[in-house]
Amino acid sequence: MIQTPEPASGTTSEADIAFRSEVREWLAEALNGQFSHLRGLGGPGREHEAFEERLEWDRALAAAGLTCLGWPKEWGGRDATLAQQVIFHEEYAKADAPSRVSHLGEELLGPTVLAFGTQEQKQRFLPGIRNVTELWCQGYSEPGAGSDLAAVSTSAYLDGDEWSITGQKVWTSLAHLSDWCFVVARTEKGSSRHHGLSYLLVPMKQPGVEVRPIIQLTGTAEFNEVYFDNARTAADLVVGQPGDGWKVAMGTLTFERGISTVGQQIRYARELADLEAVARKNGAIDDAVVADRFDKAWVGLRVLRAHVLRTLESGHDGASVDARTAAGQASVTKLLWANWHRDLGELAMDVLGAPGLIADAEGDDLNAWQRMFLFTRADTIYGGSNEVQRNIISERVLGLPREARP
Ligand SMILES: Cc1cc2nc3c(=O)[nH]c(=O)nc-3n(C[C@H](O)[C@H](O)[C@H](O)COP(=O)(O)OP(=O)(O)OC[C@H]3O[C@@H](n4cnc5c(N)ncnc54)[C@H](O)[C@@H]3O)c2cc1C
């Protein structure tokens, strides 16, 4: 039987042991009590599940001092060490706690404001993220600017003491539920590529913003088209210097998928073990090819885990990592987890066999495996597609010739 990997953080310091106990006990009490119905809910492809209740859950976590752990104490964090952050994500995943609704603020915008924002911006936005009173979405991609983000054409100009923003974003996850959007917009007329862009913080609930949901393969809609038509935001809500938004936008991407990938692997191990149980029950595991794919998946998970832990450690405790190595590590991590999870979705369909092709006749809905199979097709696209990751590794890390640019 496939086992959930043991905790990675082999730390023995008293503070870490006490921290693990605090987290474990809080989660056990909450998930056996008031929030027991939320176990395992939410996440990519399942964001529609119990959204309001999960929002309440996030706020309870905040009240217990368990959000934004790595942030400085002055901004409501705990100055938690890397080991403690790993412990939190391990315990969170092992407890099968619900997927967070405020992750884009906590993991992307918050660290960006801490790194590049003004004191006023920190005061204005960090408490709302820390206490989960304001939700954020990411306004980067456009119909003509996805992998090639420097092709952004949404434009903004200063009109008195406000920015006026016009253009279209697409694939904006959770925009329909968000209060704010961090938007990459072209603020210097006639500029091109990564020059002349600015990183604007834009309120979503205003007449100039229209959000149109996009229905996914799964039948649910968790990302959107977002139209800005003379949308407004205050002149001082630009992070970094106007025109220097590329640097800030790239900074945000370096925060994407950091420590939380440790918890992700524990969830993947659980999915693998659950699928193995299905395969044993319906006999699919007796097929040698299927059994071999399970073995390979188990090994793949170990490889992913070793890689992520090594990556986290290499940038820690003063060890310096040059930009090239960091880019390579991030791209390898993305390739490993995205391909692993996509392959698991395919394995699930093969394990289910013909019944996997039929939607639930009763509820006219997809079961968890079908939903997982369909959504994992997106894993190799968002956060940088497979092809883009391979380009980064080949060009920036291995020094192979650059591909032709238009
Ligand atoms: C589930 C999901 C959630 C998302 N959430 C958000 C969000 O919240 N905010 C946001 O801003 N964006 C979001 N995105 C968008 C995501 O970042 C883009 O889909 C991604 O960057 C790819 O861009 P694109 O879709 O425009 O495809 P394109 O860039 O048009 O790529 C099309 C295909 O061409 C390939 N390709 C592109 N360039 C090259 C190249 N140079 N060499 C080789 N192959 C290449 C790609 O790999 C891909 O297979 C989300 C996407 C998904 C699927």
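Taking other Cβ atoms within 10 Å as a rough exposure proxy, Arg100, Arg267 sort from fewest to most as Arg267, Arg100.
With axes computed from alpha carbons, what is the tilt in degrees of helix 245-255 against the longest principal axis of the chain, rounded to the nearest 10 within 0 to 90? Its long axis makes an angle of about 20 degrees. In this Cβ point-charge picture (+1 for Lys and Arg, -1 for Asp and Glu), the chain has a dipole of about 900 debye about its Cα centre. Residues in region 329-339 carry Karplus couplings, in order, of 4, 5, 5, 5, 4, 4, 4, 4, 6, 5, 6 Hz; the curve used is 6.51 cos²θ - 1.76 cosθ + 1.60 with θ = phi - 60°, and Gly or Pro positions show x.
Straight-line reach from Lys247: which lysines have a Cα under 23 Å away, not including same-chain ones fewer than 8 places off? Within reach: Lys122, Lys169, Lys189, Lys334. The residue list Leu200, His176, Leu126 was ranked by how far each Cα lies along the charge dipole of region 115-241 toward its positive end, using unit charges on Cβ atoms, and Leu126 comes out on top. Taking every DSSP helix (H) stretch of at least 4 residues in the chain, weighting each as -39,500 (n - 2.57) and dividing the sum by the residue count yields a mean residue ellipticity at 222 nm of -14000 deg cm²/dmol.
Full extension of the segment from Asp179 to His195, taken as 0.36 nm per residue of separation minus the current Cα-Cα distance, would add 3.0 nm.
For Asp343 and Arg270, what does the FRET efficiency come to when R0 = 22 Å and r is the distance between their Cβ atoms, rounded to the nearest 0.05? Spell out each step's value before the answer.
Numbers: r = 16 Å, r/R0 = 0.74.
Here the calculated transfer efficiency is 0.85.
Per-residue extension of 0.36 nm, minus the Cα-Cα distance of Leu400 and Ala15, leaves a gain of 134.0 nm for this segment.
Neighbouring Cβ atoms within 10 Å as the yardstick, rank Tyr382, Tyr92 fewest first.
Numbers: Tyr382 16, Tyr92 23.
So the ranking, lowest neighbour count to highest, is Tyr382, Tyr92.
Which FRET efficiency value, to the nearest 0.05, do you get for Asn230 and Ile381 by plugging their Cβ-Cβ distance into 1/(1 + (r/R0)^6) with R0 = 41 Å? Let's see the in-between values first.
Numbers: r = 31 Å, r/R0 = 0.76.
So, using R0 = 41 Å, E works out to roughly 0.85.
Which of the aspartates and glutamates could a cross-linker span from Lys205 if the Cα-Cα distance has to be under 17 Å and same-chain partners fewer than 8 positions apart are dropped? Within reach: Glu134, Glu162, Asp179, Glu225, Asp229.
For a footprinting-style exposure proxy, rank Phe228, Phe116 by other Cβ within 10 Å, fewest first.
Numbers: Phe228 26, Phe116 18.
Ordered by Cβ neighbours within 10 Å, fewest first: Phe116, Phe228.
Spacing of the modelled spin labels on Ala115 and Leu158, each 7 Å from Cα toward Cβ, amounts to 2.6 nm. With the simple spin-label model, which puts each label point 7 Å out from Cα in the Cβ direction, the Val388 to Ala60 separation comes to 3.7 nm.
About the centre of its Cα atoms, region 33-81 shows a dipole size close to 160 debye [charges on the beta carbon of Lys, Arg (+1) and Asp, Glu (-1) only; nearest 20 debye]. Relative to the longest principal axis of the Cα atoms of the chain, helix 288-314 runs at roughly 40 degrees.
Per 0.36 nm of contour for each residue apart, how much would the distance between Ala28 and Asp148 grow if the chain were fully extended, relative to their Cα-Cα spacing?
On the way: separation 120, 0.36 × 120 = 43.20 nm, distance 4.41 nm.
Additional length available on full extension: 38.8 nm.
Spin-label point model (7 Å from Cα, Cβ direction): what's the Asn282 to Ala368 distance in nm? Label-label distance for Asn282 and Ala368, simple model: 1.5 nm.
Each value in this text was obtained by applying a stated rule to the coordinates, not by laboratory testing. Computed from a prediction, not measured in an experiment: that's the story for all the values here. Note: ideal-geometry Cβ built from the backbone for every residue, glycine included; neighbour counts use all protein chains shown.
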